[in-house]
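A short write-up of the structure that comes next.
The values are calculated or read from the model by the stated rules, or taken from the named source; none is laboratory data. It should be emphasised that the depicted structure is a prediction, and the values quoted were computed from it without experimental measurement. We place every Cβ from the backbone using ideal geometry, glycine too, and count neighbours over all the protein chains shown.
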Amino acid sequence: MVFRQLFFPVMIALSMTSWVFHEAGALALRQSLFPFDFATVVLLASVVIIWCAEQLYPMHADWNYRLLQAPVTRAAEGWQRFARDLFYLFVVASVGSVLITWLGALIETRLKSQGFGFGIVHLWPAEAPFAVRVLLAFLLVELFSYWFHRLAHRVRFFWRFHQTHHVVHQLTALKALRTHPIDNALFYVARTVPLMLIGAGSSEVIAVLSFGATLSLLSHANVEVSEGPLGWVVNFPRYHAVHHSAEVARSNSNFGCHTILWDRVFGTFQAQIEAGPMTLGVHPLTKRTLWQELVAPP
């Protein structure tokens, strides 16, 4: 099917336009009646497109919200899941964004106050073409993220916050935002501080973070697609579902957030074998309240 082959390449190409326009100075779409930059427009458009794809070509139909499905109890459950995902999208993600913005400014100020400027050691190839710098930044960000992700599954303090992302029993694109603000802040530090220390520019870092946001939505999407050659590097939904498995032996794999490359390099890649939906979540497999997800996990 054409859709299965082309959906991911097209969405990735769409995301790339956001940082291409950023480098060209075309993010200035901000006006009084249109308070969004181009990267935000692309991200919001991606959310809508992916949601439509989930309805038309779901990997597992039961993972969708099924808001109008009979019986009423099934529809009610779907609305509850949808409402919680929207709460994370509009409220929890906003808190996380404020925390990350504050943390980023604090770290940058601290580095400058110590005389480090934009890097302790200037190893960054600042004269290289922008595309080369973005690719290098992406690979490094994913490398740092990979190792911190493995740590978050092993160290109890980090897991306390990271498990909020793993308690879901179904995967859809919006589940990418089902994260704890402190977990977001910790991943932000792991991903960006090393780049700041070696003198990476803000343009390529912003490009990578913007690109990563779309890839995160795609990796959680409930969409039936074919991996093809991109499956060697891109974190496809079938791969990421294994990481969300309730079986610890399976969830301790596929730690790459946006690329599966480092899992292949370090031997933690694991493909999905069974055809049907896996059991996802964290034991005990019970529904958790928002209080348990964000404040006091059991």
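Brief remarks follow.
- Residue in the range 41-54 that is touching a Leu at 6+ places or on another chain (Cβ under 9 Å), more than 20 Å from Ser219 (Cβ to Cβ) and modelled with pLDDT of 70 or more present: yes
- Qualifying residue in the range 70-82 (condition: at pLDDT 85 or above, under 20 Å from the mean Cα position of the chain (by Cα) and either buried (at least 17 other Cβ atoms within 10 Å of the Cβ) or in a loop (DSSP other than H, G, I, E, B) (or both)): yes
- In the range 214-239, residue surrounded by the most Cβ atoms within 10 Å (Cβ to Cβ) [restricted to those that are part of a helix (DSSP H, G or I) and free of Cβ contacts under 8 Å to residues at least 40 places away in the same chain]: Tyr239
- Within the set Ser202, Ser219, the sole residue that is small (Gly, Ala, Ser) and in contact with a Pro (Cβ under 8 Å, 6 or more places away or on another chain) turns out to be Ser219.
- Hey, Val98 within 19 Å of the chain's Cα centre (by Cα), over 30 Å from Trp232 (Cα atoms) and modelled with pLDDT under 90 or not: yes
- Filter result for Leu195 (of a type outside the set (Gly, Ala, Ser) and assigned to a helix (DSSP H, G or I)): yes
- Any hit, the range 180-198, residues being farther than 30 Å from Ala126 by Cβ and either crowded, with 22+ Cβ neighbours inside 10 Å or of a type in the set (Lys, Arg) (or both): yes
- Some residue of the range 240-253 being over 15 Å from His153 (Cβ atoms) and either in a helix (DSSP H, G or I) or modelled with pLDDT of 95 or more (or both): yes
- Of everything in the range 103-139 that is at pLDDT 85 or above and under 20 Å from the mean Cα position of the chain (by Cα), the residue that is nearest to Thr164 (Cα to Cα) is Leu103.
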